[in-house]
1. Protein chains only, probe 1.4 Å: how do Asp63, Asp71 rank by accessible area, largest first?
2. With a bin width of 10 angstrom, please list the P(r) values of the chain as percents of all Cα-Cα pairs, from the 0 bin to the one holding the largest distance.
3. What is the total of Lys pairs in the chain with C-alpha atoms under 21 Å apart, excluding same-chain pairs fewer than 8 positions apart?
4. Note down the accessible area of Ile152, probe 1.4 Å, to the nearest 10 Å².
5. How many nm is it between the label spots at Ala241 and Glu196, if each spot is 7 Å from the Cα in line with the beta carbon?
6. Using the Kirkwood radius over C-alpha pairs as Rh, can you work out the diffusion coefficient of segment 191-300 via Stokes-Einstein at 10 °C, viscosity 1.306 mPa s, in µm² per second?
7. Using 0.36 nm per residue of separation minus the Cα-Cα distance, give me the extension gain between Ala144 and Glu102 in nm, one decimal.
8. Length gain on complete extension for the stretch Trp309 to Asn221, per 0.36 nm per residue less the alpha carbon to alpha carbon distance?
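The values are calculated or read from the model by the stated rules, or taken from the named source; none is laboratory data. None of these values were measured; they are calculated from a predicted model. In this analysis, Cβ positions are derived from the backbone assuming ideal geometry, glycine residues included, and neighbour counts consider all displayed protein chains. The accessibility values were calculated without ligands, DNA or RNA, using every heavy atom of the protein model including side chains. Shrake-Rupley method; radii C 1.70, N 1.55, O 1.52, S 1.80 Å.
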Amino acid sequence: MLISCGDALIDFVPTRNAEGREAVMPAVGGSCLNVAIGMARLGAPSGFVGGISTDLFGRMIADHAAASNVDLGLATRSDHQTTLAFVRIVAGESHYAFYDAETATRNWTYRRGSIPFDTVEALHVGSTTLVNDQGAAETKALIADARASSTISFDPNCRPNLVRDKPAYLVRMAEFANQADLIKMSDVDFAYLFGEQPYQQRASALLGQGTSLVVITRGNNGAIAWHAGAGQIEVTAPKVAVADTIGAGDSFQAALLFALHRLGRLARDRLKDISTEELRRALSFAANCAGLTCTRPGADPPWSHEVKWSL
(Lines give C-alpha, C1' and ligand atoms only; values in the text may rest on other atoms or scores of the structure.)
Protein backbone atom coordinates (compact mmCIF):
# COMPACT_ATOMS: atom_id res chain seq x y z
CA MET A 1 0.00 0.00 0.00
CA LEU A 2 0.96 3.63 -0.55
CA ILE A 3 -0.17 5.97 2.21
CA SER A 4 -0.27 9.74 2.57
CA CYS A 5 -0.35 11.50 5.92
CA GLY A 6 -1.41 15.08 6.59
CA ASP A 7 -4.12 17.58 5.80
CA ALA A 8 -7.71 17.00 4.69
CA LEU A 9 -9.86 20.09 4.30
CA ILE A 10 -12.41 21.99 2.25
CA ASP A 11 -11.18 24.49 -0.33
CA PHE A 12 -13.55 27.30 -1.23
CA VAL A 13 -12.63 27.69 -4.88
CA PRO A 14 -13.24 30.97 -6.75
CA THR A 15 -15.99 30.97 -9.36
CA ARG A 16 -18.68 33.30 -10.75
CA ASN A 17 -22.40 33.26 -10.04
CA ALA A 18 -25.15 33.66 -12.65
CA GLU A 19 -24.86 37.46 -12.42
CA GLY A 20 -21.11 37.31 -13.04
CA ARG A 21 -20.19 38.28 -9.48
CA GLU A 22 -17.34 36.61 -7.59
CA ALA A 23 -18.41 33.55 -5.62
CA VAL A 24 -16.83 30.48 -4.05
CA MET A 25 -17.56 26.78 -4.43
CA PRO A 26 -16.67 24.19 -1.76
CA ALA A 27 -14.37 21.42 -2.96
CA VAL A 28 -12.59 18.65 -1.06
CA GLY A 29 -8.87 19.35 -0.77
CA GLY A 30 -5.81 19.24 1.42
CA SER A 31 -2.46 18.49 -0.18
CA CYS A 32 -1.88 15.11 1.45
CA LEU A 33 -5.45 13.91 0.94
CA ASN A 34 -5.13 15.00 -2.71
CA VAL A 35 -2.03 12.83 -3.05
CA ALA A 36 -3.85 9.81 -1.61
CA ILE A 37 -6.79 10.42 -3.97
CA GLY A 38 -4.49 10.90 -6.96
CA MET A 39 -2.66 7.61 -6.33
CA ALA A 40 -5.90 5.70 -5.78
CA ARG A 41 -7.56 7.05 -8.92
CA LEU A 42 -4.60 5.94 -11.00
CA GLY A 43 -4.93 2.43 -9.62
CA ALA A 44 -2.49 2.14 -6.71
CA PRO A 45 -3.63 0.73 -3.35
CA SER A 46 -3.81 3.96 -1.38
CA GLY A 47 -4.62 4.99 2.17
CA PHE A 48 -4.87 8.24 4.13
CA VAL A 49 -3.59 8.91 7.65
CA GLY A 50 -4.78 12.04 9.43
CA GLY A 51 -7.70 13.71 11.14
CA ILE A 52 -11.11 13.94 9.49
CA SER A 53 -14.06 15.59 11.21
CA THR A 54 -17.48 14.02 11.68
CA ASP A 55 -19.12 17.36 10.81
CA LEU A 56 -20.84 18.21 7.52
CA PHE A 57 -17.59 19.03 5.73
CA GLY A 58 -15.85 16.01 7.23
CA ARG A 59 -18.54 13.77 5.79
CA MET A 60 -17.96 15.42 2.39
CA ILE A 61 -14.26 14.63 2.70
CA ALA A 62 -14.83 11.01 3.74
CA ASP A 63 -17.39 10.40 0.99
CA HIS A 64 -15.10 11.94 -1.64
CA ALA A 65 -12.11 9.87 -0.51
CA ALA A 66 -14.12 6.65 -0.40
CA ALA A 67 -15.55 7.32 -3.88
CA SER A 68 -11.95 7.63 -5.13
CA ASN A 69 -11.05 4.24 -3.55
CA VAL A 70 -8.90 5.68 -0.75
CA ASP A 71 -8.69 3.44 2.32
CA LEU A 72 -9.70 5.53 5.36
CA GLY A 73 -9.17 2.73 7.87
CA LEU A 74 -6.08 4.50 9.22
CA ALA A 75 -7.72 7.94 9.46
CA THR A 76 -8.89 9.36 12.80
CA ARG A 77 -12.46 10.69 12.95
CA SER A 78 -13.31 13.30 15.59
CA ASP A 79 -15.93 15.94 16.38
CA HIS A 80 -13.41 18.76 15.92
CA GLN A 81 -14.40 21.00 13.04
CA THR A 82 -12.98 20.75 9.52
CA THR A 83 -10.18 23.01 8.31
CA LEU A 84 -11.45 25.52 5.73
CA ALA A 85 -9.30 27.22 3.10
CA PHE A 86 -10.46 30.12 0.94
CA VAL A 87 -8.60 30.34 -2.36
CA ARG A 88 -7.88 33.39 -4.48
CA ILE A 89 -5.96 33.28 -7.76
CA VAL A 90 -3.40 36.07 -8.12
CA ALA A 91 -1.20 36.20 -11.24
CA GLY A 92 -1.86 32.53 -11.88
CA GLU A 93 -0.83 31.44 -8.37
CA SER A 94 -3.23 30.13 -5.73
CA HIS A 95 -3.24 32.11 -2.47
CA TYR A 96 -4.96 30.69 0.63
CA ALA A 97 -6.63 31.99 3.76
CA PHE A 98 -6.84 29.15 6.30
CA TYR A 99 -9.26 28.67 9.19
CA ASP A 100 -7.53 25.94 11.15
CA ALA A 101 -7.88 26.53 14.89
CA GLU A 102 -8.89 23.46 16.93
CA THR A 103 -9.68 21.40 13.82
CA ALA A 104 -9.65 17.63 13.24
CA THR A 105 -6.42 17.94 11.26
CA ARG A 106 -4.75 20.11 13.90
CA ASN A 107 -5.75 17.70 16.71
CA TRP A 108 -4.69 14.49 14.95
CA THR A 109 -2.40 12.18 16.92
CA TYR A 110 -0.56 9.15 15.57
CA ARG A 111 -1.45 5.85 17.21
CA ARG A 112 2.05 4.46 17.72
CA GLY A 113 2.55 1.00 16.23
CA SER A 114 -0.91 1.01 14.63
CA ILE A 115 0.27 0.69 11.02
CA PRO A 116 1.88 -2.51 9.65
CA PHE A 117 4.64 -0.73 7.76
CA ASP A 118 6.03 -3.96 6.36
CA THR A 119 3.02 -3.82 4.02
CA VAL A 120 3.52 -0.12 3.16
CA GLU A 121 5.74 0.57 0.15
CA ALA A 122 5.83 4.34 0.60
CA LEU A 123 4.73 7.02 3.07
CA HIS A 124 4.14 10.56 1.85
CA VAL A 125 4.15 13.54 4.26
CA GLY A 126 4.12 17.32 4.04
CA SER A 127 2.09 20.52 3.81
CA THR A 128 0.18 22.40 6.51
CA THR A 129 0.22 19.59 9.09
CA LEU A 130 3.95 20.20 9.56
CA VAL A 131 3.54 23.90 10.40
CA ASN A 132 2.17 23.39 13.91
CA ASP A 133 4.20 21.75 16.66
CA GLN A 134 1.83 18.85 17.35
CA GLY A 135 1.36 17.91 13.72
CA ALA A 136 5.10 17.97 13.12
CA ALA A 137 5.84 15.88 16.24
CA GLU A 138 3.20 13.27 15.39
CA THR A 139 4.46 13.03 11.80
CA LYS A 140 8.03 12.55 13.03
CA ALA A 141 6.83 9.65 15.18
CA LEU A 142 5.06 8.18 12.16
CA ILE A 143 8.23 8.42 10.05
CA ALA A 144 10.27 6.82 12.83
CA ASP A 145 8.00 3.77 12.65
CA ALA A 146 7.96 3.73 8.83
CA ARG A 147 11.58 4.45 8.00
CA ALA A 148 12.94 0.92 8.37
CA SER A 149 10.74 -0.57 5.65
CA SER A 150 8.97 2.21 3.70
CA THR A 151 10.21 4.83 1.24
CA ILE A 152 9.63 8.33 2.65
CA SER A 153 8.25 10.98 0.29
CA PHE A 154 8.20 14.65 1.32
CA ASP A 155 6.65 17.78 -0.18
CA PRO A 156 6.90 20.88 2.05
CA ASN A 157 4.07 22.58 0.11
CA CYS A 158 4.82 25.78 2.02
CA ARG A 159 2.04 28.08 3.19
CA PRO A 160 3.87 31.22 4.40
CA ASN A 161 0.73 32.82 5.82
CA LEU A 162 0.55 30.02 8.41
CA VAL A 163 4.20 30.31 9.47
CA ARG A 164 4.77 32.44 12.58
CA ASP A 165 8.48 31.73 13.12
CA LYS A 166 10.25 31.31 9.78
CA PRO A 167 13.72 30.39 11.14
CA ALA A 168 12.19 27.59 13.23
CA TYR A 169 10.09 26.48 10.26
CA LEU A 170 13.17 26.29 8.03
CA VAL A 171 14.93 24.11 10.61
CA ARG A 172 11.88 21.86 10.78
CA MET A 173 11.66 21.48 6.99
CA ALA A 174 15.38 20.60 6.89
CA GLU A 175 14.75 17.89 9.49
CA PHE A 176 11.99 16.35 7.40
CA ALA A 177 14.08 16.59 4.25
CA ASN A 178 16.88 14.76 6.05
CA GLN A 179 14.53 11.78 6.57
CA ALA A 180 13.18 11.69 3.01
CA ASP A 181 14.12 9.42 0.13
CA LEU A 182 12.14 11.50 -2.37
CA ILE A 183 11.68 15.27 -2.11
CA LYS A 184 9.40 17.23 -4.42
CA MET A 185 8.82 20.97 -4.16
CA SER A 186 7.55 23.73 -6.39
CA ASP A 187 9.74 26.60 -7.52
CA VAL A 188 7.70 28.84 -5.19
CA ASP A 189 8.45 26.49 -2.26
CA PHE A 190 12.12 26.51 -3.19
CA ALA A 191 12.28 30.30 -3.22
CA TYR A 192 10.64 30.48 0.22
CA LEU A 193 12.98 27.88 1.70
CA PHE A 194 16.26 28.65 -0.06
CA GLY A 195 15.97 32.10 -1.59
CA GLU A 196 18.10 32.57 -4.70
CA GLN A 197 20.35 29.58 -4.10
CA PRO A 198 20.87 27.67 -7.40
CA TYR A 199 18.69 24.58 -7.80
CA GLN A 200 21.68 22.39 -8.62
CA GLN A 201 23.57 23.42 -5.48
CA ARG A 202 20.69 22.60 -3.15
CA ALA A 203 19.84 19.37 -5.00
CA SER A 204 23.44 18.20 -4.67
CA ALA A 205 23.35 18.91 -0.94
CA LEU A 206 20.13 16.94 -0.52
CA LEU A 207 21.47 14.00 -2.52
CA GLY A 208 24.64 14.15 -0.44
CA GLN A 209 22.66 13.70 2.79
CA GLY A 210 21.08 10.47 1.48
CA THR A 211 18.00 11.55 -0.49
CA SER A 212 17.64 9.49 -3.68
CA LEU A 213 15.52 11.85 -5.80
CA VAL A 214 14.94 15.62 -5.75
CA VAL A 215 12.29 17.15 -8.01
CA ILE A 216 11.35 20.79 -8.56
CA THR A 217 8.17 21.61 -10.45
CA ARG A 218 8.11 24.94 -12.30
CA GLY A 219 4.58 25.41 -13.61
CA ASN A 220 4.58 26.09 -17.35
CA ASN A 221 8.33 25.46 -17.42
CA GLY A 222 7.95 21.78 -16.56
CA ALA A 223 9.94 19.90 -13.95
CA ILE A 224 13.58 19.21 -13.30
CA ALA A 225 14.96 16.34 -11.23
CA TRP A 226 18.27 15.19 -9.81
CA HIS A 227 19.23 11.60 -9.00
CA ALA A 228 22.63 10.36 -7.88
CA GLY A 229 22.73 7.62 -10.51
CA ALA A 230 20.36 8.78 -13.25
CA GLY A 231 21.69 12.34 -13.23
CA GLN A 232 19.76 15.52 -14.03
CA ILE A 233 16.56 15.18 -16.04
CA GLU A 234 14.20 17.86 -17.31
CA VAL A 235 10.68 17.32 -18.67
CA THR A 236 8.31 19.78 -20.30
CA ALA A 237 4.83 20.75 -19.14
CA PRO A 238 1.93 19.92 -21.48
CA LYS A 239 0.13 22.81 -23.14
CA VAL A 240 -3.39 22.90 -21.71
CA ALA A 241 -6.29 25.30 -21.23
CA VAL A 242 -5.91 26.14 -17.55
CA ALA A 243 -9.01 26.40 -15.34
CA ASP A 244 -6.83 26.83 -12.24
CA THR A 245 -3.69 25.29 -10.78
CA ILE A 246 -5.23 24.08 -7.51
CA GLY A 247 -3.97 20.58 -6.73
CA ALA A 248 -1.61 20.42 -9.71
CA GLY A 249 1.46 19.86 -7.54
CA ASP A 250 -0.37 17.20 -5.53
CA SER A 251 -1.43 15.48 -8.73
CA PHE A 252 2.19 15.53 -9.92
CA GLN A 253 3.31 14.00 -6.63
CA ALA A 254 0.64 11.31 -6.72
CA ALA A 255 1.37 10.43 -10.34
CA LEU A 256 5.11 10.29 -9.71
CA LEU A 257 4.68 7.92 -6.77
CA PHE A 258 2.23 5.83 -8.79
CA ALA A 259 4.60 5.70 -11.78
CA LEU A 260 7.54 4.62 -9.62
CA HIS A 261 5.30 1.99 -8.01
CA ARG A 262 4.14 0.70 -11.40
CA LEU A 263 7.73 0.60 -12.70
CA GLY A 264 8.85 -1.35 -9.62
CA ARG A 265 11.16 1.49 -8.58
CA LEU A 266 9.47 2.92 -5.48
CA ALA A 267 11.06 0.74 -2.80
CA ARG A 268 14.12 2.49 -1.34
CA ASP A 269 16.76 0.13 -2.76
CA ARG A 270 15.02 0.05 -6.16
CA LEU A 271 14.68 3.84 -6.32
CA LYS A 272 18.43 4.19 -5.84
CA ASP A 273 19.02 2.08 -8.96
CA ILE A 274 16.45 3.67 -11.30
CA SER A 275 17.66 4.28 -14.85
CA THR A 276 17.62 7.64 -16.59
CA GLU A 277 14.97 6.45 -19.05
CA GLU A 278 12.71 5.04 -16.34
CA LEU A 279 12.92 8.28 -14.37
CA ARG A 280 12.19 10.37 -17.45
CA ARG A 281 9.08 8.28 -18.15
CA ALA A 282 7.88 8.65 -14.56
CA LEU A 283 8.42 12.42 -14.56
CA SER A 284 6.70 12.90 -17.94
CA PHE A 285 3.74 10.86 -16.74
CA ALA A 286 3.51 13.02 -13.61
CA ALA A 287 3.72 16.26 -15.60
CA ASN A 288 0.92 15.19 -17.91
CA CYS A 289 -1.32 14.16 -15.00
CA ALA A 290 -0.70 17.55 -13.37
CA GLY A 291 -1.56 19.26 -16.65
CA LEU A 292 -4.87 17.43 -16.85
CA THR A 293 -5.69 18.51 -13.29
CA CYS A 294 -5.17 22.14 -14.35
CA THR A 295 -7.93 21.86 -16.96
CA ARG A 296 -10.66 21.62 -14.29
CA PRO A 297 -11.41 23.69 -11.20
CA GLY A 298 -10.31 22.58 -7.77
CA ALA A 299 -8.13 19.64 -6.83
CA ASP A 300 -9.47 16.96 -9.19
CA PRO A 301 -6.70 14.45 -10.06
CA PRO A 302 -7.23 12.23 -13.12
CA TRP A 303 -8.60 8.70 -13.10
CA SER A 304 -6.69 5.94 -14.87
CA HIS A 305 -9.22 5.81 -17.73
CA GLU A 306 -8.58 9.51 -18.43
CA VAL A 307 -4.84 9.10 -18.76
CA LYS A 308 -3.57 8.56 -22.30
CA TRP A 309 0.16 8.40 -21.49
CA SER A 310 1.76 5.01 -20.98
CA LEU A 311 4.66 4.15 -18.75
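1. Asp63, Asp71
2. Going from the shortest bin to the longest, the percentages are 6, 30, 39, 22, 3, 0.
3. Numbers: Lys140/Lys166; Lys140/Lys184; Lys166/Lys184; Lys184/Lys272; Lys239/Lys308.
Total qualifying Lys-Lys pairs in the chain comes to 5.
4. Accessible area of Ile152: about 0 Å².
5. 4.0
6. On the way: Rh = 14.4 Å.
My calculation gives 110 µm²/s for D.
7. Values: separation 42, 0.36 × 42 = 15.12 nm, distance 2.57 nm.
Using 0.36 nm per residue and subtracting the Cα-Cα distance, I get 12.6 nm.
8. Numbers: separation 88, 0.36 × 88 = 31.68 nm, distance 1.93 nm.
Taking 0.36 nm per residue and subtracting the Cα distance, the gain is 29.7 nm.
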